[in-house]
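Trainee: Once you've had a glance at the structure underneath, I'll fire off some questions.
The values are calculated or read from the model by the stated rules, or taken from the named source; none is laboratory data. No experiment lies behind these values; they were computed from the predicted model shown. Here the Cβ positions follow ideal geometry from the backbone for every residue, glycine too, while neighbour counts run over all protein chains shown. Side chains are part of the model used for accessible areas, which takes the heavy atoms of the whole protein and leaves out ligands, DNA and RNA. Shrake-Rupley method; radii C 1.70, N 1.55, O 1.52, S 1.80 Å.
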Amino acid sequence: MNPESIYYLFEAGIKGKQEDYIWPIAGKATVNDKVFIVCDGAGNFNNGEIASKLICQFMAAKVLKFDERKMSGELIDELLTEARDRLITYAREYRLDTDLATTFSMLILYDQKVFMSWYGDSRIYHLRGGEILFRTEDNALVSEPIKNTAIARGIKADSSPINAETKWIEDVQDGDYFLLCSKGIIENVTDDDIKLLVSQKDKANIDLTGSFKRLAFEKTADNYSMYLIRVNVVTQKRSINNGIVAIGKQTNGNVVPFFILAMTIVGLFIMVLYFRKARTSDPTLKYRNQTSQPVDVLRDDSVPSAFVMSAPRKKTVNVLRNDSVPGAIVMSVPRKPILPVTDSVKKNSENPQAAPQNVNSAAIQAEEKPEHTNQTPIVQKKQVPQLMIKLTTDESCKLKITNIDLDEVFDWDLSTDDNGTIYLKPGKYSIVATSVTDGSKTKTYNFDVKPGNTHTTQNLHIRF
């Protein structure tokens, strides 16, 4: 089972300060994602964002490590308790008010069924044909309401027990919708509104995201966030159009034999033309000068590097020959200098123990074409399996990339306008990012690249 269409909202509203958090990160969801989470944070001094983000990121990273057979309510309670303990430790370490809390709602898509879990007054809906088949109810009432907030339900940064609600949905059909939403949506969008919007979407091509936003815009004092997913259970062919994920259903099986027959006829025709040309062509070898720059491809395995750095080209490319570099690191272009940073630094807003982003997260990065030079093209050997990581950042930083297995270290400067790319061969790696403006701010990411992870892409956005 995969998402066929994905719609989301992640709005601060008139509150100004965003204390909700959603997973996948807003704008990064793809048809390959299986886990969707919405958390509604609250706390003194607008620190609710810390609670919602820490709990959301921790759960997103942990639940994917367990298969369908091991998923249960007891496991969710254990993971939420561990996440809550990390929240308490974080608040004490940074001397924050421990009066923090967040709601939690999660949806996991398996092959033929769906797992739901929720804690607090965030809500989950299951809809089909414009009707609500299931809707969660509020739980986890906090005996003492959190000061200066409207939220009275959820996971608090204290030692109170956590008993999350869970439910398996085994009757899932093509075209079913699942909605996860925070309190800001619930207060302004009624059940009848939800049924009407979903049924209209099935009958006509309406803007679902815009319709939900108009119902909540400037009508609530709270943030409002949601994920609305339309699922497809059958074998799917995936495509992306106009920012909305769309998946076409499997075509009639009778088309396949005709397609194979047509391709066979075309192939035979091409072979006849090729051999006729070979008999009549001049056997004398013809040579010409190569004036264009060869395509930027992954270097072959004769260069004993553990990872290859790549970035958008601004100058003439310096192509490395095979075995010309004895080191373990290969760069395809000169490093780009970091521009001065003038934006103010947000402090105490990020969790140093947060897990890396989802591997399945999608990001679009523009790459410039290499300039032409007069170099002779290089004969490339078999491409080495590598994991491609695309790097972006909101704050200029220095990266220290370490291959733990080979004890290799590479330093790299990454600025806000860079779209850096690295390629990692199988092995264990550590990437440590240090803020240029505040050296005390660091983030650490660990990667264990397996042979099965190669030829894939991961987007890593560094936030301090």
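Trainee: Among the numbered criteria (1) more than 17 Å from the chain's Cα centre (by Cα); (2) without any contact (Cβ under 8 Å) to a residue 24 or more places away in the chain, which single criterion is violated by Glu19?
Mentor: Glu19 satisfies all of (1) more than 17 Å from the chain's Cα centre (by Cα); (2) without any contact (Cβ under 8 Å) to a residue 24 or more places away in the chain except (2).
Trainee: Does the range 199-221 hold any residues that are under 26 Å from the mean Cα position of the chain (by Cα) and crowded, with 22+ Cβ neighbours inside 10 Å, and which are they?
Mentor: Phe212 - this is the single residue of the range 199-221 that is under 26 Å from the mean Cα position of the chain (by Cα) and crowded, with 22+ Cβ neighbours inside 10 Å.
Trainee: Sticking with this one: So, Ile25, is that one in contact (Cβ under 8 Å) with a residue 40 or more places away in the chain, under 28 Å from Thr457 (Cβ atoms) and surrounded by fewer than 22 Cβ atoms within 10 Å (Cβ to Cβ) or not? Write out each step before concluding.
Mentor: Values: in contact (Cβ under 8 Å) with a residue 40 or more places away in the chain: yes; under 28 Å from Thr457 (Cβ atoms): yes; surrounded by fewer than 22 Cβ atoms within 10 Å (Cβ to Cβ): yes.
The answer is yes for Ile25.
Trainee: Scan the range 445-464 residue by residue and report those that are more than 18 Å from the chain's Cα centre (by Cα) and touching a residue at least 24 places away in the same chain (Cβ under 8 Å).
Mentor: Lys450, Pro451
Trainee: Would you mind finding the one in Glu74, Glu68 that is part of a helix (DSSP H, G or I) and either aromatic (Phe, Trp, Tyr) or open to solvent by 50 Å² or more (accessible area, probe 1.4 Å) (or both)? Let's see the steps before the verdict.
Mentor: On the way: Glu68 fails: part of a helix (DSSP H, G or I).
After ruling out the rest, the residue left standing is Glu74.
Trainee: Name the one entry in Lys70, Lys65 that is closer than 23 Å to Trp168 by Cα and under 21 Å from the mean Cα position of the chain (by Cα). Step through it out loud before you land on a result.
Mentor: On the way: Lys70 fails: under 21 Å from the mean Cα position of the chain (by Cα).
None of the others qualify; the one that does is Lys65.
Trainee: Being open to solvent by less than 40 Å² (accessible area, probe 1.4 Å) and either more than 18 Å from Leu387 (Cα to Cα) or modelled with pLDDT of 85 or more (or both) is the filter here; which residues of the range 413-422 pass it?
Mentor: Going residue by residue through the range 413-422, those that are open to solvent by less than 40 Å² (accessible area, probe 1.4 Å) are 414-415, 418, 420-422.
Listed by number, the residues that qualify are Leu414, Ser415, Asp418, Thr421, Ile422.
Trainee: Of the conditions (1) open to solvent by 30 Å² or more (accessible area, probe 1.4 Å); (2) modelled with pLDDT of 90 or more, Tyr94 fails just one. Which one is it?
Mentor: (2)
Trainee: List pairs: first residue in the range 2-15 and under 30 Å from Gln173 (Cβ atoms), second residue among the basic types (Lys, Arg) and at pLDDT 95 or above anywhere in the structure, Cβ distance under 6 angstrom, at least six positions apart or on different chains.
Mentor: Glu4/Arg230; Ser5/Arg230
Trainee: Conditions: (1) of a type in the set (S, T, N, Q); (2) in contact (Cβ under 8 Å) with a residue 40 or more places away in the chain; (3) assigned to a helix (DSSP H, G or I). Thr89 meets all but one. Number of the miss?
Mentor: (2)
Trainee: Determine which member of the set Thr437, Thr442 is open to solvent by 30 Å² or more (accessible area, probe 1.4 Å) and under 22 Å from the mean Cα position of the chain (by Cα).
Mentor: Values: Thr437 fails: under 22 Å from the mean Cα position of the chain (by Cα).
Only one candidate passes the filter, namely Thr442.
Trainee: Tell me which residues, restricted to the range 58-87, are of a type outside the set (Asp, Glu) and more than 24 Å from Tyr125 (Cβ to Cβ).
Mentor: Listed by number, the residues that qualify are Phe58, Ala61, Lys62, Lys65, Phe66, Arg69, Lys70, Thr81, Ala83, Arg84, Arg86, Leu87.
Trainee: Moving on to the next point. Applying the selection to the range 414-449, what residues are charged (D, E, K, R) and in contact with a strand residue (DSSP E or B) (Cβ under 9 Å, 6 or more places away or on another chain)? Steps first, please.
Mentor: First, the residues of the range 414-449 that are charged (D, E, K, R): 417-418, 425, 428, 438, 441, 443, 448.
Answer for the range 414-449, where residues must be charged (D, E, K, R) and in contact with a strand residue (DSSP E or B) (Cβ under 9 Å, 6 or more places away or on another chain): Asp418, Lys425, Lys428, Lys441, Lys443, Asp448.
Trainee: Go through the range 384-403 and give me each residue that's modelled with pLDDT of 90 or more and farther than 21 Å from Phe464 by Cβ.
Mentor: Listed by number, the list holds a single entry, Asn403.
Trainee: Quick check on my filter: what residues within the range 93-119 are of a type in the set (Val, Ile, Thr) and either at positive phi or part of a strand (DSSP E or B) (or both)?
Mentor: Restricting attention to the range 93-119, the residues satisfying the condition of being of a type in the set (Val, Ile, Thr) are 98, 102-103, 108, 114.
The answer is Thr102, Ile108, Val114.
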